[in-house]
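> Following this message is one structure expressed as structure tokens.
The values are calculated or read from the model by the stated rules, or taken from the named source; none is laboratory data. Computed from a predicted structure; not experimentally measured. Neighbour counts are summed over all protein chains in view; Cβ atoms, including those assigned to glycine, are modelled from backbone coordinates with ideal geometry. SASA here: full protein model, heavy atoms, side chains in, ligands and nucleic acids out. Shrake-Rupley method; radii C 1.70, N 1.55, O 1.52, S 1.80 Å.
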Amino acid sequence: MMKILVPVKRVVDYNVKIRVKPDQSGVDLANVKMSMNPFCEIAIEEAVRLQEAGTATEIVVVSIGPAQTQETIRTALAMGADRGILVKTETDMEPLGIAKVLKAVVEEEKPDMVILGKQAIDGDNNQTGQMLAALLGWSQGTFASELSVDGDKLNITREIDGGLQSLKINLPAIVTTDLRLNEPRYASLPNIMKAKKKPIDEKDLADYGVDAAPRLEIVKVTEPAEREAGVKVETVADLVDKLKNEAGVL
Ligand code: AMP
């Protein structure tokens, strides 16, 4: 009987070319396509595979965000999660606040494992899973590229600089997903239809009594400097000549 909680974040779709607001206060989210954070899709996929293998018995998906975050939860339900929890807030929360809400959800739901993305592609924080593990005092296996359940333990392969690290950690545990853990499925039409009937419990941030006030102040957001156009050379001799006489690197 293993229950898995998967926190997912709604972010700007990875295909969207982002625009910075004219006042440089952040990224312009008006009329921009939003989707599930890709690393969270990998987390859902892994949970669904554990359920298909008979290892997991229930998958609960949770997301903290504005009302439209419902759509992201529905996507997770269409991929195979059983039910959802939406914690509504209009505040753009930092990882510490998110981890505190998730801790409260974990205490209510009592999962055996929480699988998060290693990173949300909007803020690139890579903090929430680690903070949640610390707040709960649970073991953590971050950047997992392989995962298997072994009784009351988890075997995790981690991608680290220069190689792979194998860990055995105790359940209950926090896992964060790396890119190569799996390839998430697309939800099929019948499963999208079925997901409409799966329950989503709506909560308010206030239900959890978490102080969501930001600890950081964003000073300025700017676009990367434009790259200058390159030139094409006809021959290797031309290339060597330009490197020597124009770029001055030879
Ligand atoms: P981050 O630490 O912001 O890079 O996010 C890492 C992971 O934490 C994400 O892939 C999600 O699994 C989870 N997470 C972050 N923000 C939220 C949120 N607002 N709601 C639910 N899960 C979140």
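> Please specify each residue of the stretch 116-133 satisfying the condition of being part of a strand (DSSP E or B) and over 17 Å from LEU86 (Cα atoms).
Going residue by residue through the stretch 116-133, those that are part of a strand (DSSP E or B) are 116-117.
Scanning the stretch 116-133 gives a single hit, GLY117.
> Any residue at all in the stretch 154-174 that's among the small types (Gly, Ala, Ser), open to solvent by less than 20 Å² (accessible area, probe 1.4 Å), free of Cβ contacts under 8 Å to residues at least 60 places away in the same chain and within 16 Å of the ligand (Cβ to nearest atom)? Don't jump to the end; show me each part of the working.
Of the stretch 154-174, the ones among the small types (Gly, Ala, Ser) are 162-163, 166, 173.
Subsequent filtering for residues that are open to solvent by less than 20 Å² (accessible area, probe 1.4 Å) retains 173.
Next, only the ones that are free of Cβ contacts under 8 Å to residues at least 60 places away in the same chain stay: none.
Scanning the stretch 154-174 turns up no residue that is among the small types (Gly, Ala, Ser), open to solvent by less than 20 Å² (accessible area, probe 1.4 Å), free of Cβ contacts under 8 Å to residues at least 60 places away in the same chain and within 16 Å of the ligand (Cβ to nearest atom).
> Of everything in the stretch 68-78, what is out of contact with any Lys or Arg (no Cβ under 6 Å at 6 or more places or on another chain) and either surrounded by fewer than 19 Cβ atoms within 10 Å (Cβ to Cβ) or of a type outside the set (Ser, Thr, Tyr) (or both)? Give them in sequence order.
Of everything in the stretch 68-78, those that are out of contact with any Lys or Arg (no Cβ under 6 Å at 6 or more places or on another chain) and either surrounded by fewer than 19 Cβ atoms within 10 Å (Cβ to Cβ) or of a type outside the set (Ser, Thr, Tyr) (or both) turn out to be GLN68, GLN70, GLU71, ILE73, ARG74, ALA76, ALA78.
> Would you confirm, using the coordinates I've provided, whether ASP204 is open to solvent by 70 Å² or more (accessible area, probe 1.4 Å), under 30 Å from GLU71 (Cα atoms) and not hydroxyl-bearing (Ser, Thr, Tyr)?
Values: open to solvent by 70 Å² or more (accessible area, probe 1.4 Å): yes; under 30 Å from GLU71 (Cα atoms): yes; not hydroxyl-bearing (Ser, Thr, Tyr): yes.
It is true that ASP204 is open to solvent by 70 Å² or more (accessible area, probe 1.4 Å), under 30 Å from GLU71 (Cα atoms) and not hydroxyl-bearing (Ser, Thr, Tyr).
> Now for a separate question. With the condition kept exactly as written, say whether any residue in the stretch 139-148 is touching a Phe, Trp or Tyr at 6+ places or on another chain (Cβ under 8 Å) and loosely packed, with under 15 Cβ neighbours inside 10 Å. Spell out how you get there, then give the answer.
Initial filter on the stretch 139-148 (touching a Phe, Trp or Tyr at 6+ places or on another chain (Cβ under 8 Å)): none.
No: zero hits.
> Looking at this structure, is ALA53 more than 16 Å from the ligand (Cβ to nearest atom) and either modelled with pLDDT of 95 or more or crowded, with 17+ Cβ neighbours inside 10 Å (or both)? It would help to see each step written out before you state the result.
Values: more than 16 Å from the ligand (Cβ to nearest atom): yes; either modelled with pLDDT of 95 or more or crowded, with 17+ Cβ neighbours inside 10 Å (or both): yes.
For ALA53, the condition - more than 16 Å from the ligand (Cβ to nearest atom) and either modelled with pLDDT of 95 or more or crowded, with 17+ Cβ neighbours inside 10 Å (or both) - is met.
> Within the stretch 1-17, how many residues turn out to be open to solvent by 20 Å² or more (accessible area, probe 1.4 Å) and either more than 16 Å from the ligand (Cβ to nearest atom) or acidic (Asp, Glu) (or both)?
Qualifying residue count for the region: 5.
> Continuing with this model, one more query. Do we have any residue at all in the stretch 104-122 that's over 16 Å from the mean Cα position of the chain (by Cα), without any contact (Cβ under 8 Å) to a residue 24 or more places away in the chain and surrounded by fewer than 23 Cβ atoms within 10 Å (Cβ to Cβ)?
Yes, there is a match, as at least one residue in the stretch 104-122 is over 16 Å from the mean Cα position of the chain (by Cα), without any contact (Cβ under 8 Å) to a residue 24 or more places away in the chain and surrounded by fewer than 23 Cβ atoms within 10 Å (Cβ to Cβ).
> Something else about it: Can you go through ARG185, ARG215 and tell me which one is at pLDDT 95 or above, surrounded by fewer than 16 Cβ atoms within 10 Å (Cβ to Cβ) and not in a helix (DSSP H, G or I)?
Exactly one of ARG185, ARG215 is at pLDDT 95 or above, surrounded by fewer than 16 Cβ atoms within 10 Å (Cβ to Cβ) and not in a helix (DSSP H, G or I), namely ARG185.
> Name the pairs whose Cβ atoms lie under 9 Å apart, with the first residue in the stretch 214-228 and of a type in the set (Asp, Glu), the second open to solvent by less than 90 Å² (accessible area, probe 1.4 Å) and not in a loop (DSSP other than H, G, I, E, B), and 6 or more positions between them or separate chains?
If the second residue must be open to solvent by less than 90 Å² (accessible area, probe 1.4 Å) and not in a loop (DSSP other than H, G, I, E, B), the pairs left are GLU223/VAL20.
> Here's a follow-up. LEU136 versus (1) away from the ligand (no atom under 13 Å from the Cβ); (2) in contact (Cβ under 8 Å) with a residue 12 or more places away in the chain; (3) open to solvent by 70 Å² or more (accessible area, probe 1.4 Å); (4) under 28 Å from LEU86 (Cβ atoms): which is the lone unmet condition?
(3)
> Sticking with this one: For the stretch 99-107, check the following and say yes or no: at least one residue is more than 10 Å from the ligand (Cβ to nearest atom), modelled with pLDDT of 95 or more, outside any helix (DSSP H, G or I) and not charged (D, E, K, R).
Scanning the stretch 99-107, I find no residue that is more than 10 Å from the ligand (Cβ to nearest atom), modelled with pLDDT of 95 or more, outside any helix (DSSP H, G or I) and not charged (D, E, K, R), so the answer is no.
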